[in-house]
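The values are calculated or read from the model by the stated rules, or taken from the named source; none is laboratory data. Only a predicted model underlies this, so the values are computations on that prediction, with no experimental measurement involved. FYI the Cβ positions are ideal-geometry reconstructions off the backbone, even for glycines, and counts take in every protein chain you see.
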Amino acid sequence: MNILFIGDIMGRAGRNVIKSHLKEIQSEYQIDFTIANAENASGYAGLAKSSYDELMQAGIDFFTTGNHVWAQKEIFDYIERCDNLLRPANYPSPCPGKGYGIVRVNKIRLGIINLSGTVFMDALDNPFSVFDTLYASISNACDFLLIDFHAEATSEKIAFAYHACGRAQAVLGTHTHVQTADERIIDGMTAAITDVGMTGPADGVIGIDKDIILKSFKTKRPVRFELAQGHRQFNAVRLQVDSSFRCTKIERIYRTYP
Ligand SMILES: [Fe+2]
Ligand SMILES: [Fe+2]
């Protein structure tokens, strides 16, 4: 079985890449199930219901998010109705939505957990201990556990992959929007990558127009963000899963489009 996990889909540019190219990528890599981080899919932050519907229509089966999850306020109303849409599990309680899901894909009971890091990010519950508690309650219901660890610091992401090694079968980093070249299978047990990258504008600064970001850095004054124009990119990883529910290969995918 092959799972495709797509890095942060950003804005209309990212959605258009998915609409134009996902089907061909799914067919080329013989994908059985597609997961995407969609925290930036509307505008440059958040996930409006119309974007969620559009991305499902384009072939995405399951969605994770991150620190931008609440940026489009309407998600407060619809997230509870969506079985295939997560917010980080370590958000404070009570909080709408859920931080994990379990789906059946072919013969595999696939568990998906979304967690946020806390280094250079909001002071949420400790993702290491939240994972321990969650794992104890759901591990018997899953054959394969995949975690989207949405975090800024590479150290926290790598440390978490070691923490979950042998319990989760894949720990995939998101949030920085820059794909890292450290994909590996730790101790033959857990596929990991520090960041899957971003799907959206290729020519800006992590998706935003470079002149706007330069102005912000040079003047330290508030600016209004706009998506970068020009080339676009598709960033993802493909996970190969064998019949004993182990990840045997993690493969980076990095494509650019005019
Ligand atoms: Fe993001
Ligand atoms: Fe993020």
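Could you give me the residue pairs with C-beta distances under 8 Å whose first residue belongs to segment 83-107 and is at positive phi, whose second residue is crowded, with 21+ Cβ neighbours inside 10 Å and part of a loop (DSSP other than H, G, I, E, B) wherever it lies, and which are 6+ apart or on separate chains?
So the pair list comes out as Gly97/Val69; Gly97/Arg87.
Quick check, is Phe149 surrounded by 20 or more Cβ atoms within 10 Å (Cβ to Cβ), more than 15 Å from Asp8 (Cβ to Cβ), aromatic (Phe, Trp, Tyr) and modelled with pLDDT of 95 or more?
no
Taking segment 1-58 as the region of interest, how many residues are in contact with a strand residue (DSSP E or B) (Cβ under 6 Å, 6 or more places away or on another chain), under 17 Å from Glu226 (Cα atoms) and either without any contact (Cβ under 8 Å) to a residue 40 or more places away in the chain or within 16 Å of ligand 2 (Cβ to nearest atom) (or both)?
The total comes to 8.
Got a number for residues in segment 156-178 being assigned to a helix (DSSP H, G or I), touching a helix residue (DSSP H, G or I) at 6+ places or on another chain (Cβ under 7 Å) and either closer than 18 Å to Val241 by Cα or of a type in the set (A, V, I, L, M, F, W, C) (or both)?
2
What tally of residues in segment 238-254 results from selecting those that are under 20 Å from Arg104 (Cα atoms) and surrounded by 14 or more Cβ atoms within 10 Å (Cβ to Cβ)?
Narrowing segment 238-254 to residues under 20 Å from Arg104 (Cα atoms): 238-248.
Next, only the ones that are surrounded by 14 or more Cβ atoms within 10 Å (Cβ to Cβ) stay: 238-241, 245-247.
The total comes to 7.
Pairs needed: first member in segment 213-224, free of Cβ contacts under 8 Å to residues at least 60 places away in the same chain; second member anywhere, assigned to a helix (DSSP H, G or I) and basic (Lys, Arg); C-beta distance under 6 Å; at least 6 residues apart or different chains.
Val223/Lys215
May I ask you to say which residue of Asp182, Asp203 is touching a His at 6+ places or on another chain (Cβ under 9 Å) and away from ligand 2 (no atom under 14 Å from the Cβ)?
Asp203
Of the residues Thr180, Thr190, which is within 15 Å of ligand 1 (Cβ to nearest atom), buried (at least 16 other Cβ atoms within 10 Å of the Cβ) and in contact (Cβ under 8 Å) with a residue 24 or more places away in the chain?
On the way: Thr190 fails: within 15 Å of ligand 1 (Cβ to nearest atom).
Matching residue, one of Thr180, Thr190: Thr180.
Within segment 16-65, take every residue that is within 16 Å of ligand 1 (Cβ to nearest atom) and on the phi > 0 side of the Ramachandran plot and give me the one that is surrounded by the fewest Cβ atoms within 10 Å (Cβ to Cβ).
Gly43
For (1) closer than 21 Å to Thr133 by Cα; (2) surrounded by fewer than 20 Cβ atoms within 10 Å (Cβ to Cβ); (3) not charged (D, E, K, R), each residue gets a yes or a no:
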site: Phe76; (1), (2), (3): no, yes, yes
site: Arg81; (1), (2), (3): no, yes, no
site: Pro92; (1), (2), (3): yes, yes, yes
site: Lys107; (1), (2), (3): no, yes, no
site: Leu110; (1), (2), (3): yes, no, yes
site: Leu115; (1), (2), (3): yes, no, yes
site: Met121; (1), (2), (3): no, yes, yes
